[in-house]
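*Asks:* Have a look at this one.
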Amino acid sequence: MIPFQMRPDEILNEARSFNEKLAQGVGNLMEVGDIPTGVTPKEPVYKEDKMVLYHYKGEGKPSNKTPLLIVYALVNRPYMTDLQENRSTIQGLLDAGQDVYLIDWGYPDAADRYLTMDDYINGYLDRSVDVICARHGIDKLNILGICQGGAFSLCYASMHPEKVRNLVTMVTPVDFKTPDNMLSHWVQNVDIDLLVDTQG
């Protein structure tokens, strides 16, 4: 016995309504132009391999004398911090008087497969910090690490505390052993050796 009545005419009406809404949604998407992202003015100040260190340009002179380096994740695009003119973490930081730099790791590909955490943390990140410190004549800067960039930043700050004045992390997993940690549940039964053998 079916717990509810299924009437062919209602099913047909529902399918027709769904198709109309789907067609309207596709039409709406076709009319939407590209939405510009990464709109805050910036200039590259250091490049190495695929990595680019950008310096963002604010309206006035920064009131905070210690520059801020944003370290973003390898797998996501850093324009997420600068989505649109009215939705920009970077612009908000500039408006608050911060002098903002950001590392864009570029698009990793097969050529990067032999890069290690040491290459990223004690190589690219450390040299970027040195470039910023030299530009400002300082010994320490502030770091904002986001996602995987937060993990890199935590490692960097623990190995180079003499170069980090303040460290802030956002959406950065740190303790994978907590019982309510979603990532730890995802990876509990992952066979890492099989994953590496399969994916490389």
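The values are calculated or read from the model by the stated rules, or taken from the named source; none is laboratory data. As the structure is a prediction and not an experimental result, all values here were calculated from the model. With ideal geometry, Cβ positions are generated from the backbone for all residues, glycine too; neighbour counts draw on all protein chains shown.
*Asks:* Tell me whether the range 56-66 contains one or more residues that are at pLDDT 95 or above, more than 19 Å from the chain's Cα centre (by Cα) and in a loop (DSSP other than H, G, I, E, B).
*Replies:* Looking through the range 56-66, at least one residue is at pLDDT 95 or above, more than 19 Å from the chain's Cα centre (by Cα) and in a loop (DSSP other than H, G, I, E, B).
*Asks:* Just to verify a result, which residue in the range 78-95, among those that are among the hydrophobic types (A, V, I, L, M, F, W, C) and within 12 Å of the chain's Cα centre (by Cα), is surrounded by the most Cβ atoms within 10 Å (Cβ to Cβ)?
*Replies:* Checking each candidate, the answer is Leu83.
*Asks:* Another question, if that's okay. Scan Val75, Val45 and give me the residue that is part of a strand (DSSP E or B), within 26 Å of the chain's Cα centre (by Cα), surrounded by fewer than 17 Cβ atoms within 10 Å (Cβ to Cβ) and among the β-branched types (Val, Ile, Thr).
*Replies:* The unique qualifying residue is Val45.
*Asks:* Still on this structure, please answer the following. Starting from residues that are over 18 Å from Arg127 (Cβ atoms) and of a type in the set (A, V, I, L, M, F, W, C), keep the ones in the range 145-162 and report whichever is surrounded by the most Cβ atoms within 10 Å (Cβ to Cβ).
*Replies:* Ile146
*Asks:* Contact list please: Cβ distance under 6 Å, first residue in the range 128-150 and under 15 Å from Val171 (Cβ atoms), second residue surrounded by fewer than 16 Cβ atoms within 10 Å (Cβ to Cβ) and β-branched (Val, Ile, Thr), pairs at least six apart or on different chains.
*Replies:* Here the result reads Leu144/Val168; Cys147/Val171, each pair linking the range 128-150 to a residue that is surrounded by fewer than 16 Cβ atoms within 10 Å (Cβ to Cβ) and β-branched (Val, Ile, Thr).
*Asks:* Related question: For the range 97-125: of the residues being among the hydrophobic types (A, V, I, L, M, F, W, C) and in contact (Cβ under 8 Å) with a residue 12 or more places away in the chain, which is farthest from Lys42 (Cα to Cα)?
*Replies:* Among those residues, the one meeting the criterion is Met117.
*Asks:* Restricting attention to the range 7-55, report how many residues are under 22 Å from Tyr120 (Cα atoms), in contact (Cβ under 8 Å) with a residue 40 or more places away in the chain and not charged (D, E, K, R).
*Replies:* Residues flagged as under 22 Å from Tyr120 (Cα atoms), in contact (Cβ under 8 Å) with a residue 40 or more places away in the chain and not charged (D, E, K, R) within the range 7-55 amount to 7.
*Asks:* To continue, here is another question. Quickly run through the range 114-169 and pick out the residues that are of a type in the set (D, E, K, R) and not in a strand (DSSP E or B). Give the derivation first.
*Replies:* Quick first cut of the range 114-169, residues of a type in the set (D, E, K, R) only: 118-119, 126-127, 130, 135, 139-140, 162-163, 165.
Asp118, Asp119, Asp126, Arg127, Asp130, Arg135, Asp139, Lys140, Glu162, Lys163, listed by residue number.
*Asks:* If I filter the range 99-106 for residues that are surrounded by fewer than 21 Cβ atoms within 10 Å (Cβ to Cβ) and either within 19 Å of the chain's Cα centre (by Cα) or not in a helix (DSSP H, G or I) (or both), do I get at least one hit? Steps first, please.
*Replies:* Applying the first criterion (surrounded by fewer than 21 Cβ atoms within 10 Å (Cβ to Cβ)) to the range 99-106 yields 104, 106.
Filter once more, keeping what is either within 19 Å of the chain's Cα centre (by Cα) or not in a helix (DSSP H, G or I) (or both): 104, 106.
For the range 99-106, residues surrounded by fewer than 21 Cβ atoms within 10 Å (Cβ to Cβ) and either within 19 Å of the chain's Cα centre (by Cα) or not in a helix (DSSP H, G or I) (or both): present.
*Asks:* Looking at the range 151-166 only, could you name the residues that are in contact (Cβ under 8 Å) with a residue 24 or more places away in the chain and farther than 18 Å from Pro78 by Cβ?
*Replies:* Cys155, Met159, His160, Lys163, Val164, Arg165, Asn166
*Asks:* Would the range 110-120 turn up any residue that is surrounded by 14 or more Cβ atoms within 10 Å (Cβ to Cβ), within 14 Å of the chain's Cα centre (by Cα) and closer than 17 Å to Ser153 by Cα?
*Replies:* no
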